[in-house]
Amino acid sequence: EAGVTQFPSHSVIEKGQTVTLRCDPISGHDNLYWYRRVMGKEIKFLLHFVKESKQDESGMPNNRFLAERTGGTYSTLKVQPAELEDSGVYFCASSPLGLAASDEQFFGPGTRLTVL
Amino acid sequence: AQSVSQHNHHVILSEAASLELGCNYSYGGTVNLFWYVQYPGQHLQLLLKYFSGDPLVKGIKGFEAEFIKSKFSFNLRKPSVQWSDTAEYFCAVGKRGNTPLVFGKGTRLSVIA
């Protein structure tokens, strides 16, 4: 079974540019989460999709960040325009819906974003 | 709001030494507790998890963790580390029911020969 995949693995852009990160969850996983780790800090939650709906976007830093999950499969996270403080590693995780007793999330390898 | 505190930022051990990484969380309700590990160049992987039952849980690669409810702690242990345990370890907590995880800052473990 394929795991969670993320593209690209690295992205280096200049301040003011736009970047789109993609996450493909494990097939059949309705829950999809985005997290971010800024260097030296903890991994922090950004938002949670259940299928194509945003369940919780309380962690999104500001309106420069836009996440979508059309069709309830893969998700994209767009940063427009990027700022220096957006640099970090963006993780995606997925889990099946309804297995409340487990709640294990499966993580992708992350996308390292560097904004110059 | 939930928070997770990992006491050690960087731990250096010799092979065969015993390991204990501290993790405390703040949350008053019922939670799931996790330890994830990220080996160099690899994904975050689940080491072990606790959601109910025996508070001493065993995970992969000889790791175990003990949930002490009264202390809000979930410390990770391994009796004898190997060079291949060099990695970053993350403690995480989540409320029941497919909710986001709250992570600690991570502890980097370096095992030297």
Of the residues A:G108, A:G88, which single one is within 11 Å of chain B (Cβ to nearest Cβ), within 17 Å of A:T20 (Cα to Cα) and crowded, with 19+ Cβ neighbours inside 10 Å? A:G108
The number of residues in the range A:69-116 that are outside any strand (DSSP E or B), touching a strand residue (DSSP E or B) at 6+ places or on another chain (Cβ under 7 Å) and hydrophobic (A, V, I, L, M, F, W, C) is 4
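If I go through the range A:1-20 residue by residue, how many of them are over 18 Å from A:G72 (Cβ atoms) and outside any loop (DSSP other than H, G, I, E, B)?
Start the filter on the range A:1-20 by keeping residues that are over 18 Å from A:G72 (Cβ atoms), which leaves A:1, A:3, A:7-20.
Imposing the further condition that a residue be outside any loop (DSSP other than H, G, I, E, B) reduces the set to A:7, A:10-13, A:19-20.
Qualifying residue count, the range A:1-20: 7.
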Go through the range A:54-85 and count every residue that is of a type in the set (S, T, N, Q) and touching an Asp or Glu at 6+ places or on another chain (Cβ under 6 Å). 1
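With a cut-off of at least 2 residues that are surrounded by 18 or more Cβ atoms within 10 Å (Cβ to Cβ) and among the aliphatic types (A, V, I, L, M), name the strands (runs of 3 or more DSSP E) lying wholly within the range B:66-113.
Numbers: elements: B:73-78, B:87-95, B:107-112.
Qualifying strands (runs of 3 or more DSSP E): B:87-95, B:107-112.
Considering only residues that are open to solvent by 30 Å² or more (accessible area, probe 1.4 Å) and within 9 Å of another protein chain (Cβ to nearest Cβ), which ones fall in the range A:51-66? Give the derivation first.
The initial filter retains those residues of the range A:51-66 that are open to solvent by 30 Å² or more (accessible area, probe 1.4 Å), namely A:51-58, A:60-64, A:66.
Hits for the range A:51-66 are A:Q55, A:D56, A:S58.
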Pair list, Cβ under 9 Å, 6 or more apart: the range A:24-43 residue within 9 Å of chain B (Cβ to nearest Cβ) and in a loop (DSSP other than H, G, I, E, B), other residue aromatic (F, W, Y) and open to solvent by less than 30 Å² (accessible area, probe 1.4 Å): A:D30/A:F49; A:E42/B:F90; A:E42/B:F103
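The values are calculated or read from the model by the stated rules, or taken from the named source; none is laboratory data. All values reported here derive from a predicted model rather than from experimental measurement. As a convention, Cβ positions derive from the backbone with ideal geometry for all residues, glycine included, and neighbour counts pool all protein chains shown. Just so you know, the surface numbers come from the protein's heavy atoms only, side chains and all, with ligands and any DNA or RNA stripped out. Shrake-Rupley method; radii C 1.70, N 1.55, O 1.52, S 1.80 Å.
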